[in-house]
1. From the residues in segment 65-105 that are in a helix (DSSP H, G or I) and among the polar types (S, T, N, Q), which one is farthest from PRO339 (Cα to Cα)?
2. In the list LEU142, LEU164, which residue meets the criterion of being among the aliphatic types (A, V, I, L, M), modelled with pLDDT under 95 and buried (at least 20 other Cβ atoms within 10 Å of the Cβ)?
3. May I ask you to list the residues in segment 452-503 that are in contact with a His (Cβ under 7 Å, 6 or more places away or on another chain) and either farther than 22 Å from TRP535 by Cβ or of a type in the set (Gly, Ala, Ser) (or both)?
4. For segment 34-80, what are the residues that are touching a helix residue (DSSP H, G or I) at 6+ places or on another chain (Cβ under 6 Å), over 22 Å from ALA172 (Cβ atoms) and not acidic (Asp, Glu)?
5. Can you confirm whether ILE495 is under 31 Å from the mean Cα position of the chain (by Cα) and of a type in the set (Val, Ile, Thr)?
6. If we keep just the residues of segment 519-541 that are in contact with a Lys or Arg (Cβ under 8 Å, 6 or more places away or on another chain) and part of a helix (DSSP H, G or I), which is modelled with the lowest pLDDT?
7. Return a yes/no flag: does segment 89-99 have any residue that is at negative phi, of a type outside the set (A, V, I, L, M), without any contact (Cβ under 8 Å) to a residue 60 or more places away in the chain and crowded, with 19+ Cβ neighbours inside 10 Å.
8. Does ASN490 fit the bill of being farther than 21 Å from ALA389 by Cβ, in contact with a Lys or Arg (Cβ under 6 Å, 6 or more places away or on another chain) and not hydrophobic (A, V, I, L, M, F, W, C)?
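The values are calculated or read from the model by the stated rules, or taken from the named source; none is laboratory data. In this text the structure is predicted, and so the values were computed from the model without any measurement. Ideal geometry is used to build each Cβ from the backbone, glycine not excepted, and the neighbour counts take in all protein chains shown.
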Amino acid sequence: MKKNHPLNSERIHLFILFAATFLFLANKISGFDIWTHLAYGRHIFGNISDFPQIKEPLLYTMGEYNLSFQSWFFQLIVYFVNHIFGPPGLVFFNALIGMLVAFFLFKAAVRAGSTVESATLAIIISLPLFVIRFTIRPEIFLYLSVALVIYLLTLCRNGNLRYLLFIPLIQAVLVNFHPSGLAIIIILFFYLMSELLSVFTEHSPLNKRRSLTLFAILVLTIIASSFNPSGANNLLTPVKLVFNKSVVPHMSALSKGERSAGNGPDVLTGITEMMPIYEVGDYYFNLYLAYVVIVALSFLPAIRRKEFNAISFLMFAFFASLPLIAARSIGILPVVSAPIFARNMSGYINLSFKKTLIAVLLIVVAFNWTSFRGKGFGIAKEWFPVGAADFLLTEKIEGNIFNPFDSGGYLGWRFYPKYKVFINGTVSGKVLKEESIVFDSIGDWKGVLEKYKVNLIITKSTYYHNGGLFKFISTLYHDRGWVLIYQDINSLVFIREGTNENLMKYSLQKTRIWDEVVSEANIHILEDPKKEKVWKTLSYAYFMQGRLKDAIKACEKGLEYQPEDISLRKTIKILNAYRR
């Protein structure tokens, strides 16, 4: 029987890989930042003659501050994709970039000596970790750039040095998509060290031409990092973001422990992605830990075969350590590791096509079964204040709007240029602190609203990551100075008493606040019933509605998912005592 041609085998495995990657990434839009990027892209396009001296268009809290252009190229591209194809086009665009990443990683692994089966399996095993950060954001071009650079470096090791000339060009483009060019420089450094140390590790003569070429490319890549509106400062932005406490002082994303005036809004635990991976959640940490252990163990057979590459291991270890500092670094780990993992596996795992296909199907089904509701090509409207925006766009607002951090992107996209918002995902420092003060109802929260002449509040009621209730919601419920004028499944709108007679006609009973809290808590439960505080939130909302039996049942249901949660048991005792 005639054997299948190797090229055909590659094509078949690539098709499987593309299909799996597409299934992992074909998710409805639920990320908060995409709306900010769309709004900025629209504004840049409309004011291109003023580039790069364009004023911040969305936030009234930033004054005459010039717009940051760290991701301007990405913002223009997604704006045009959305303008032409709408949200389905954005979802497909994201999946397409993901498939390109998979393509270059596959090619790099095969060029480095991996079998097509091992390359396919290594990338598929990497996908669950990879997709955690792979949403429609500038960062996806970092992953694409890293995958392409690794492929070009693999070609270099096979003697094709001319392809290295593309790397500085890739860097020059990347730094206009995302301020993460430092990753490319670090990877080049590891490859250069591998080349120089091969004299000792592989007992082979130094290839001076290749070493000098790599060094020259490294220097050119560093120079290319300044080819963006922010210049060379762009290079260290990710480092500053993680290590500078003044950049991320926000408290709203704490996953453990209660917020209080004692720890204050200066605590750097702010945004969830800035926290160490072991503090973000058990699922993410366990997934990360399992992946690191599997890849690390794949080096053992290489040691026995005397094919162990110390620099490859150090590069893997370096990128594996980054999520322990900030969870946002988790996405680059599988991109860097997949080709190494594939090469290591090739020496001791020989899978047939049939077994590879079965393994791929099992992984795809296992990691996508519970997220089936999120699949699709539209917008996950349950996470955005769609109804509240529709309502307010038909009315005239007097004074400024106050909104939560993660709603600002969508509201800015919808309201521009009619209204500006208080905060969005680009804001740090003082404004982020002030947002925390208000939503945690600590200190002079009323003073913050008065300082910015806020007459209208658009808010949800819970934290996205854990389903915990904003303390501010209970504060507004009891404060007679704020009137509820709109409520739906995920949004509440309040107006300051006596400031807008036209909007006052929509005033609602404040008890409807708890209807919104119940529906929002149930949205969280549908997504993940193990969220840390969601059942307590639901129980409290039922209690405020006078539904004691339902409040107790909510806590009991929560214990099925969180049997070690002492606070739920205490709440049940308190509610039973209250009932008696």
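1. Ranking the candidates gives ASN82 first.
2. On the way: LEU142 fails: modelled with pLDDT under 95.
None of the other options fit; the residue is LEU164.
3. First, pick out the residues of segment 452-503 that are in contact with a His (Cβ under 7 Å, 6 or more places away or on another chain): 462, 467.
The one that is in contact with a His (Cβ under 7 Å, 6 or more places away or on another chain) and either farther than 22 Å from TRP535 by Cβ or of a type in the set (Gly, Ala, Ser) (or both): GLY467.
4. Answer for segment 34-80, where residues must be touching a helix residue (DSSP H, G or I) at 6+ places or on another chain (Cβ under 6 Å), over 22 Å from ALA172 (Cβ atoms) and not acidic (Asp, Glu): TRP35, THR36, LEU38, ALA39, ARG42, PRO57, LEU58, THR61.
5. Numbers: under 31 Å from the mean Cα position of the chain (by Cα): no; of a type in the set (Val, Ile, Thr): yes.
No, not satisfied.
6. So, considering only residues that are in contact with a Lys or Arg (Cβ under 8 Å, 6 or more places away or on another chain) and part of a helix (DSSP H, G or I), the one modelled with the lowest pLDDT is GLU527.
7. The initial filter retains those residues of segment 89-99 that are at negative phi, namely 89-99.
So of that shortlist, the ones also of a type outside the set (A, V, I, L, M) come out as 89, 92-94, 98.
Filter once more, keeping what is without any contact (Cβ under 8 Å) to a residue 60 or more places away in the chain: 89, 93.
If we keep only those that are crowded, with 19+ Cβ neighbours inside 10 Å too, we end up with none.
There is no residue in segment 89-99 that is at negative phi, of a type outside the set (A, V, I, L, M), without any contact (Cβ under 8 Å) to a residue 60 or more places away in the chain and crowded, with 19+ Cβ neighbours inside 10 Å.
8. Working: farther than 21 Å from ALA389 by Cβ: no; in contact with a Lys or Arg (Cβ under 6 Å, 6 or more places away or on another chain): yes; not hydrophobic (A, V, I, L, M, F, W, C): yes.
Answer is no for this residue.
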